[in-house]
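Report on one structure; see the data block that follows.
What follows draws every value from the coordinates through simple rules; no lab data is involved. What you are looking at is a predicted structure, and each value in this text was computed from that prediction instead of being measured. Cβ coordinates were reconstructed from backbone atoms using ideal geometry, including for glycine residues, and neighbour counts include every protein chain displayed.
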Amino acid sequence: MKKLWNKYSYAITLIILSCSLSFILSIQHHSNDQDKYLKIKISEGDSLWEISDQFSDQHSLSNKECVSWIKKHNEIDEDRIFPGEEIVIPVSKEEVSSTQELASAIDE
């Protein structure tokens, strides 16, 4: 065992460091993605297609691409979603807040 360590210690250390770095970067990337996009809560009767259609003017994807994006980024395997779930959709938080500010200015 000691001969094996002496012979391959650099390779073993490099592999361990690479795996650790990959894990850390994937966690950071995943959390940063979720912070940029709008998170919505699913209501009774909602579907991925309806959500995609409802926000179609705020994203540049087709309905099919949007549903695929939602499924991928929320780790949804099937087309089923359940009331009370929170999902991230491909709509920028900044875009939604500026749209709400414009809508509130119209009411004044």
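Hey, rough spin-label estimate for Glu50 and Leu14, points 7 angstrom out along Cα→Cβ, what's it come to in nanometres?
5.5 nm
Grab the other residues whose beta carbon is less than 14 angstrom from that of Glu44, score K and R as +1, D and E as -1, and report the net.
Here the charged neighbours net out to -1.
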